[in-house]
4 protein chains.
Amino acid sequence: MSSPIAKLGHVAASTPDLEESLWFFRDVLGFNVTERVDGVAYLRGMRDWEHHTLSLAEADRAGVDHVAFRTRDAAALEELAGTFEAEGTEVTRVAAGEERGQGEAIRVEKFGHPYEFYYDVEKPDAPADQRSKLHNRLYSEAGANRIAPRRIDHVHLQDAVSPDHAAWLGDVLGFETRERYRGDDGELWGWWMAVTALPHDIAIHRETAGTDPLFHHVSYHVDDFDDLWDAADVLAEHGIAPDGGPGRHAITQADFLYVSDPASGIRVELFAGPGYLNFEPDWEPIEWTADEIGGATDHQWIGRGPEWVGLPYVDAE
Amino acid sequence: MSSPIAKLGHVAASTPDLEESLWFFRDVLGFNVTERVDGVAYLRGMRDWEHHTLSLAEADRAGVDHVAFRTRDAAALEELAGTFEAEGTEVTRVAAGEERGQGEAIRVEKFGHPYEFYYDVEKPDAPADQRSKLHNRLYSEAGANRIAPRRIDHVHLQDAVSPDHAAWLGDVLGFETRERYRGDDGELWGWWMAVTALPHDIAIHRETAGTDPLFHHVSYHVDDFDDLWDAADVLAEHGIAPDGGPGRHAITQADFLYVSDPASGIRVELFAGPGYLNFEPDWEPIEWTADEIGGATDHQWIGRGPEWVGLPYVDAE
Amino acid sequence: MSSPIAKLGHVAASTPDLEESLWFFRDVLGFNVTERVDGVAYLRGMRDWEHHTLSLAEADRAGVDHVAFRTRDAAALEELAGTFEAEGTEVTRVAAGEERGQGEAIRVEKFGHPYEFYYDVEKPDAPADQRSKLHNRLYSEAGANRIAPRRIDHVHLQDAVSPDHAAWLGDVLGFETRERYRGDDGELWGWWMAVTALPHDIAIHRETAGTDPLFHHVSYHVDDFDDLWDAADVLAEHGIAPDGGPGRHAITQADFLYVSDPASGIRVELFAGPGYLNFEPDWEPIEWTADEIGGATDHQWIGRGPEWVGLPYVDAE
Amino acid sequence: MSSPIAKLGHVAASTPDLEESLWFFRDVLGFNVTERVDGVAYLRGMRDWEHHTLSLAEADRAGVDHVAFRTRDAAALEELAGTFEAEGTEVTRVAAGEERGQGEAIRVEKFGHPYEFYYDVEKPDAPADQRSKLHNRLYSEAGANRIAPRRIDHVHLQDAVSPDHAAWLGDVLGFETRERYRGDDGELWGWWMAVTALPHDIAIHRETAGTDPLFHHVSYHVDDFDDLWDAADVLAEHGIAPDGGPGRHAITQADFLYVSDPASGIRVELFAGPGYLNFEPDWEPIEWTADEIGGATDHQWIGRGPEWVGLPYVDAE
């Protein structure tokens, strides 16, 4: 099927200390702040064209409010609303401008995860003094933080109903399973799914029964491994220990470094090449077993992965 | 429109000295030879899943026989045949197996360029002693040539009728123009077009009136700039001077090194990140002018580009 | 004082399975074999000018036979012999040619470690088909193993009498202490010492009382971190797990990867920049405490270090 | 002979516009300003221990005032003064503190080049908010300019009496010739000379008879080639074209990028590995001929070198 989804859009999160979170995301990691209004900071990477790919709202407690995907056109958004209603899912309408830079959107909760879909979005230019001379860039490299993330890459979610969740992502949203992981127990425990050429736009990680749905991380791409290694060094100078890495995943084959915002616990995975891009129209899912790459919690090709404890959703209580 | 094309497939070329061309492509650059049969060598990069992305046939003279794109499914191939016939273009059927590893295909000559389209293709595994332990890789890094290309990236063609050619690529084949170049004369002189997330799968470069249609280069992606720089060093040890680079393009923003097979003149562009990927469903073409990036023959961001003299097609006389 | 020592020369080791050790050092890591004679293989890195920097002799059991330093001239070698005899140390003369490529040498056992000193040494060219076109290189990059070590960097020894050992290295051999580590117990536990601009040519690591003198590793320099990361990938393809790293040391500030020959247990540290070079004639030793960088066994800046279990000397029983 | 010289110390230059020069050196390139006093700015790289390795004095016109080397101890400085006087060279005494951070020094003009020698020097710490957590670093990577030079590497001088100049550097100052270039005319035209393990601390380039002695560039080392490539990109964003490179020298084998301060014309070469280090006590000079590497003005291994037009000395009129 042709997917109604064009790409991952953004993650909306909350933090108990916006100033400290901005120190981490803006000053340490080098995110750009598009604007800050009504207690919400809107951030993006150096090459994110959209208004924001991460929003941080000051709130009583940390968490993720929603994960947003952009549809391939405006009609696809309305079709999606119809599909959700037809399957009995409550659809919440979000007015244009409720999130800065974004047109009308819809939200649904599926398998405990708060999803948003939108099509209309602003693509503001970089401020004049930070604008690149290159038209196909946004922010200039001159003066930029050396480890600044380039663009949003993927999200990673966890729940106890992953097989159903992954099936829905495939059947309704048109995500292809690029890779999957089968545990010691013979059950599938992980799905890496994409609508783009990336190894995944979303990963679903199965947790044991009774676990609440959780948000594990949002990933941003950096240019190459040297940036990832520099990031590890810069973080060490700031006294911030990574959650995992630097390393190279067996699954997706990409280089990684995980680190969390000290204020909110929001976890970011810095992601770099080589990885792979998929242009095959007939991709067969790659399946990995525990025999081949070890247990589900740390099956890396190089280095060590993160702890697999996610962050709750904001309204999860 | 949704494109009938999934991806660039391969380039079929001929060489007057297959042994020397294999020395260049296999021994110097590190291409893998899938098989060699009936005077044709079939080659691919380390991460090219298809049977081949470059074929070299021994022939009286060097040239390019055709440029092949894979359709998104079998039906799209047949629809394309119908579209071509409807527009009065002669469609040549190529039987399954005529090119090793490939099912039925069709060929058309458009604007002087020999295009092929196919859907069915074999994806042979790497030989057991070269197979990577990673399922999402093909060839192992162990023992591999250090500058071995990873995957085919794009082709670059030249002719005197580029505006019509580019319009056809957009209207009939569904390629999007990602970037274009407007010369001193106010005319468009270059189009970078894609059906995938890459900055381009095909570039069209306008030549002065009277110039025959030419094939300028086929590009292969390597992992990062260090590989490109290593390639320049390895080529120097072999006594082979690059045609251009190492450098970084303003257009596409990618790092490059151009080098030609001494036996055939077939030009390869080694291509590396950062470049950019496009996931925007509403991409507006980026236009560059000579004022901004200099003349059409050398508008680079870093370093110097190649000479813009292409190779003729095989049956062009 | 001006040191009689010019540089670290080589490590002579033995292995129970020379063929398998050669597979590891030559085929996996990319060492060059200068020659192989009388059951001994003489190896060196891509930029090691001397005949060899590592020798592997087939023997009943694995171990290290001696660690050799080159003196700054022939006179310095004789003065050293006189100094050793004056302090009551038995000096063993090694005839020219006993080790291939080497002139007359002397050996002493100090603090349980077998040291060799020599001045005359052959500097054979690379074989014609591997010779670089660059006069200031030895082996060509073309066709070379992508992770091939460049040059010997340092050795790391362990014993229970390190304070005396380090004092002797300073007083008699003229090594400067560049960095040192003071443990939780207030005692010094590590010395990084150099006669060259490198952060260290030799490191001495204190073991608990009763531990036999041990050889921990010999280190080879590679060009940059990318080579180290490639090495981790290539080793994974070979099914060989690193002993530690990739990581970056706090002490010396260099990037590292430790890996051991499966046949002999001889441990190699691949070492890369940035690190630092010292040209200060009045360097003050840098001292680190456990408070600052954690316990003596794993005080890394990025990543994890190796197990600190060394290899015995060959005639240590 | 053992050299009285320990290392290259600094270059003292003048600029007609100190503010603009500081914009270039500090804001664009990322030099650290140790202090600024009496119209002179004292700068150093991220890992330069000494008070400064470059000073910029505001003056009517741009030029270089002197090139300073540090002696191996205080006695060597006095011996050097005696040697110069014995050979009839006028020795000018510079009082402690005349140059900030520096003790007593002596100056001589040799072959038209103004040399300074000193031993006592301050090694101030980095400001607290920029101090690295690593004792063996000075400035922290966190917040630092991504292309900031690490340490002074070498200087390159030009004159019409280079054979005599090079002989004096060898005979009196103890520099070893590591590499040299013999031109088409059979004459030596370049000398790369060192007292340290670097490929050169000073290069002497012969100009045609009648040319005034000139200062060509001062070189700073960066960590690796990626930093050099990033520098090219950052310079392009600033609209500053390099004078040469990025490229790799045949002689010294190092990667380079040349760029000049727009205000003063002072040329900096950013220098990166691999290059080579020399620890051989019996190094034989490597000689290159025009046959092997092309003409004296552009004999590079990769890329193109700079124009070979130097800057005059300040009091040269």
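The set of residues in segment C:130-145 being among the aliphatic types (A, V, I, L, M), out of contact with any Phe, Trp or Tyr (no Cβ under 9 Å at 6 or more places or on another chain) and more than 7 Å from chain B (Cβ to nearest Cβ) consists of C:ALA144 alone.
Among the residues of segment C:205-224, those that are of a type in the set (Ser, Thr, Tyr) and in a loop (DSSP other than H, G, I, E, B) comprise C:THR208, C:THR211.
Go through segment A:1-18 and count every residue that is more than 26 Å from A:LEU80 (Cβ to Cβ) and either free of Cβ contacts under 8 Å to residues at least 40 places away in the same chain or within 11 Å of another protein chain (Cβ to nearest Cβ) (or both). So the answer is 0. Looking at segment C:107-117, is at least one residue hydroxyl-bearing (Ser, Thr, Tyr) and closer than 20 Å to D:GLU284 by Cβ? So far as segment C:107-117 goes, no, none of its residues is hydroxyl-bearing (Ser, Thr, Tyr) and closer than 20 Å to D:GLU284 by Cβ. For segment D:259-270, the count of residues that are within 7 Å of another protein chain (Cβ to nearest Cβ) and in contact (Cβ under 8 Å) with a residue 24 or more places away in the chain is zero. Take the conditions away from every other protein chain (no Cβ under 14 Å) and over 22 Å from B:VAL314 (Cα atoms) and apply them to B:GLU79. Does it pass? Against the criterion (away from every other protein chain (no Cβ under 14 Å) and over 22 Å from B:VAL314 (Cα atoms)), B:GLU79 qualifies. Summed over segment D:1-47, the residues that are open to solvent by 20 Å² or more (accessible area, probe 1.4 Å), in a loop (DSSP other than H, G, I, E, B) and among the aliphatic types (A, V, I, L, M) give a count of 1.
The rows are residues; the columns are (1) at pLDDT 95 or above; (2) within 14 Å of chain B (Cβ to nearest Cβ).
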site: C:ASP125; (1), (2): yes, no
site: C:ALA148; (1), (2): yes, yes
site: C:HIS156; (1), (2): yes, no
site: C:LEU169; (1), (2): yes, no
site: C:ASP185; (1), (2): no, no
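Within segment B:299-312, residues that are within 13 Å of chain D (Cβ to nearest Cβ) and among the hydrophobic types (A, V, I, L, M, F, W, C) have Cβ atoms under 7 Å from residues that are part of a loop (DSSP other than H, G, I, E, B) and open to solvent by less than 40 Å² (accessible area, probe 1.4 Å) in these pairs: B:TRP301/A:LEU134; B:TRP301/B:ALA250, counting only partners at least 6 apart in sequence or on another chain.
Within segment A:175-194, the set of residues being charged (D, E, K, R), closer than 13 Å to A:PRO163 by Cα and without any contact (Cβ under 8 Å) to a residue 60 or more places away in the chain comprises A:GLU187 only. Residues considered: A:GLY239, A:GLY245. Of these, the only one that is more than 30 Å from B:HIS200 (Cβ to Cβ), in contact with a Leu (Cβ under 6 Å, 6 or more places away or on another chain) and either more than 10 Å from chain B (Cβ to nearest Cβ) or not aromatic (Phe, Trp, Tyr) (or both) is A:GLY245. Here C:ASN278 meets each of (1) surrounded by fewer than 22 Cβ atoms within 10 Å (Cβ to Cβ); (2) closer than 22 Å to C:LEU22 by Cβ with one exception, condition (2).
A quick yes/no check of all residues on (1) part of a strand (DSSP E or B); (2) at pLDDT below 90:
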residue: C:VAL259; (1), (2): yes, no
residue: C:PHE271; (1), (2): yes, no
residue: C:LEU277; (1), (2): no, no
residue: C:GLU280; (1), (2): no, no
residue: C:TRP288; (1), (2): yes, no
residue: C:THR297; (1), (2): no, yes
residue: C:VAL309; (1), (2): no, yes
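Could you check B:MET193 against (1) away from chain C (no Cβ under 14 Å); (2) closer than 23 Å to B:ALA144 by Cβ and say which number it fails? Of the numbered conditions (1) away from chain C (no Cβ under 14 Å); (2) closer than 23 Å to B:ALA144 by Cβ, the odd one out for B:MET193 is (2).
Residue by residue, here is whether (1) over 20 Å from the mean Cα position of the chain (by Cα); (2) of a type outside the set (A, V, I, L, M, F, W, C); (3) open to solvent by 10 Å² or more (accessible area, probe 1.4 Å) holds:
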| residue | (1), (2), (3) |
| --- | --- |
| A:TRP191 | no, no, yes |
| A:ALA203 | no, no, no |
| A:THR211 | yes, yes, yes |
| A:PHE215 | no, no, no |
| A:TYR220 | no, yes, no |
| A:ASP226 | yes, yes, yes |
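Out of all the residues in segment C:89-101, is one or more under 21 Å from C:THR177 (Cα atoms) and either within 14 Å of chain B (Cβ to nearest Cβ) or touching a strand residue (DSSP E or B) at 6+ places or on another chain (Cβ under 9 Å) (or both)? No: zero hits.
One line per residue, one yes/no per condition, for (1) in a loop (DSSP other than H, G, I, E, B); (2) farther than 30 Å from D:ALA236 by Cα; (3) open to solvent by 10 Å² or more (accessible area, probe 1.4 Å); (4) assigned by TED's automatic domain parsing to the domain that holds A:GLU237:
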site: A:ARG93; (1), (2), (3), (4): no, yes, yes, no
site: A:GLU99; (1), (2), (3), (4): yes, yes, yes, no
site: A:ALA142; (1), (2), (3), (4): yes, no, yes, no
site: A:LEU157; (1), (2), (3), (4): no, yes, no, yes
site: A:HIS165; (1), (2), (3), (4): no, yes, no, yes
site: A:TRP168; (1), (2), (3), (4): no, yes, yes, yes
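Here D:HIS52 fulfils each of the conditions (1) crowded, with 24+ Cβ neighbours inside 10 Å; (2) assigned to a helix (DSSP H, G or I) apart from (2).
Candidates are the residues of segment C:1-26 that are in contact with a Gly (Cβ under 8 Å, 6 or more places away or on another chain) and of a type outside the set (A, V, I, L, M); the one that is farthest from C:GLY63 (Cα to Cα) is C:SER2. For segment D:232-274, filtering for residues that are open to solvent by 10 Å² or more (accessible area, probe 1.4 Å), in contact with a helix residue (DSSP H, G or I) (Cβ under 9 Å, 6 or more places away or on another chain) and aliphatic (A, V, I, L, M) leaves 3. Being at pLDDT below 95 and hydrophobic (A, V, I, L, M, F, W, C) is a property that holds for B:ILE293. Within this structure, D:ILE251 fails the test of being assigned to a loop (DSSP other than H, G, I, E, B), within 14 Å of chain A (Cβ to nearest Cβ) and in contact (Cβ under 8 Å) with a residue 60 or more places away in the chain.
Could you say whether any residue in segment D:203-212 is under 21 Å from D:ASP255 (Cβ atoms) and among the small types (Gly, Ala, Ser)? Looking through segment D:203-212, at least one residue is under 21 Å from D:ASP255 (Cβ atoms) and among the small types (Gly, Ala, Ser). Go through the residues of segment B:24-35 one by one and say whether even a single one is among the small types (Gly, Ala, Ser), out of contact with any Asp or Glu (no Cβ under 8 Å at 6 or more places or on another chain) and closer than 21 Å to B:ALA148 by Cβ. Yes, that holds for at least one residue.
When segment C:207-236 is examined, which residues are found to be of a type in the set (A, V, I, L, M) and either more than 14 Å from chain B (Cβ to nearest Cβ) or over 17 Å from C:SER260 (Cα atoms) (or both)? Scanning segment C:207-236 gives C:ALA209, C:LEU214, C:VAL218. So for segment D:74-88 (the condition being surrounded by 17 or more Cβ atoms within 10 Å (Cβ to Cβ) and in a loop (DSSP other than H, G, I, E, B)), does at least one residue qualify? No, that holds for no residue. Restricting attention to segment C:55-73, the residues that are open to solvent by 10 Å² or more (accessible area, probe 1.4 Å), assigned to a strand (DSSP E or B) and within 14 Å of chain D (Cβ to nearest Cβ) add up to 0.
The values are calculated or read from the model by the stated rules, or taken from the named source; none is laboratory data. Quantities reported herein were computed from a predicted structural model and do not represent experimental measurements. Every residue, glycine among them, receives a Cβ derived from its backbone with ideal geometry; neighbour counts consider all protein chains shown. Side chains included, ligands, DNA and RNA excluded: accessible areas come from the protein's heavy atoms. Shrake-Rupley method; radii C 1.70, N 1.55, O 1.52, S 1.80 Å.
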